[in-house]
Amino acid sequence: MPSCLNCQVEASLPNHTSLTELKLEFTRDEPLSYLQWRAAGLNRKSINWAKKSAEIVWSATNGIVNKTNTDALRSYILDKYRCDNAKNKVLNFAKAFLKYLTKTRLDTRYYAFSLFLEKPKTLKERKNVTSRIITKEDVTNVLCRIKQAELDGTIDSNRAQQFTAFVLFGAYTGQRHMATTMKLTVGQFRDALKLEEPVIHVKPSQDKIKMEHYVP
């Protein structure tokens, strides 16, 4: 937490009050308002995480921001989720919501409680392969299944070519299938193939984090 914010918080507290004794409030509508504002432009998966996070924040605090409730919120998140990515999403939502309250209520004391929502520092275990990594064997297996389905007559030749192209594009480029690949157009591929060195221009609206980029 920035030192300047610490000074503002300390200046706003009575002499006999510490942060651990402070109790602030917010209404049920405020996390919903923040959720609506934050969800603008996000994809469906991110919106679902934001909704889940908003509900967790409300359930753990019931509209009361104090050390007891923020500690309980942090403990609940750390116990509920095993994946660091999931923990980060909910904790970051909670801290961002406190910052939102600081700005909408013009009260820096709300964001001061983000101090109690920090994730514990742990050594990351180094892994060579995780369950989310797709290997060359996985890709080969999918392509074989597509070919077999074509031979069996389950899918026609055109559909088999489409599926094969989709799998190979994802395997070679690493683009997210839901957030990016499914949003690409035939025109973008045609434009890329006209270039001396084929490169697809991915628009901000076709990327999960709204980052415009080029894919060889």
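Hey, among Arg105, Arg145, Arg109, which residue is farther than 25 Å from Arg44 by Cα and touching a Leu at 6+ places or on another chain (Cβ under 7 Å)?
Result of the check over Arg105, Arg145, Arg109: Arg109.
So, Thr185, is that one of a type in the set (Ser, Thr, Tyr), within 19 Å of Ile146 (Cα to Cα) and outside the structural domain of Gly41 (by TED's automatic domain parsing) or not? Show your work before the answer.
Values: of a type in the set (Ser, Thr, Tyr): yes; within 19 Å of Ile146 (Cα to Cα): no; outside the structural domain of Gly41 (by TED's automatic domain parsing): yes.
Criteria not met by Thr185.
Among the candidates Asn62, Asn66, Asn92, single out the residue that is under 12 Å from Lys119 (Cα atoms) and in the same structural domain as Leu42 (by TED's automatic domain parsing).
Asn92
Here is a check on your reading of the model: is Asn141 in a helix (DSSP H, G or I), at pLDDT 90 or above and not assigned by TED's automatic domain parsing to the domain that holds Thr27?
yes
Return a yes/no flag: does the stretch 93-116 have any residue that is buried (at least 18 other Cβ atoms within 10 Å of the Cβ) and under 30 Å from Met182 (Cβ atoms).
yes
Which residues, taken from the stretch 169-194, are loosely packed, with under 15 Cβ neighbours inside 10 Å, of a type outside the set (D, E, K, R) and either free of Cβ contacts under 8 Å to residues at least 12 places away in the same chain or at positive phi (or both)?
Residues satisfying the conditions are Tyr172, Gly174, His177, Met182, Thr185, Val186, Gly187, Phe189, Leu193.
Could you say whether any residue in the stretch 145-155 is surrounded by fewer than 11 Cβ atoms within 10 Å (Cβ to Cβ), among the small types (Gly, Ala, Ser), at pLDDT 90 or above and over 19 Å from Lys52 (Cβ atoms)?
yes
Counting only residues that are part of a loop (DSSP other than H, G, I, E, B), within 21 Å of the chain's Cα centre (by Cα) and either over 18 Å from Phe163 (Cβ atoms) or of a type in the set (D, E, K, R) (or both), how many does the stretch 178-205 have?
Adding up the residues that qualify gives 2.
Within the group Ser75, Ser53, which residue is assigned to a helix (DSSP H, G or I), among the hydroxyl-bearing types (Ser, Thr, Tyr) and without any contact (Cβ under 8 Å) to a residue 24 or more places away in the chain? Can you show your working first?
Numbers: Ser53 fails: without any contact (Cβ under 8 Å) to a residue 24 or more places away in the chain.
Among Ser75, Ser53, only Ser75 is assigned to a helix (DSSP H, G or I), among the hydroxyl-bearing types (Ser, Thr, Tyr) and without any contact (Cβ under 8 Å) to a residue 24 or more places away in the chain.
The values are calculated or read from the model by the stated rules, or taken from the named source; none is laboratory data. The shown structure was predicted, so the numbers you read here are calculated from the model rather than taken from an experiment. Don't worry about glycine lacking a Cβ; one is built from the backbone with ideal geometry, like all the others, and counts go over all protein chains shown.
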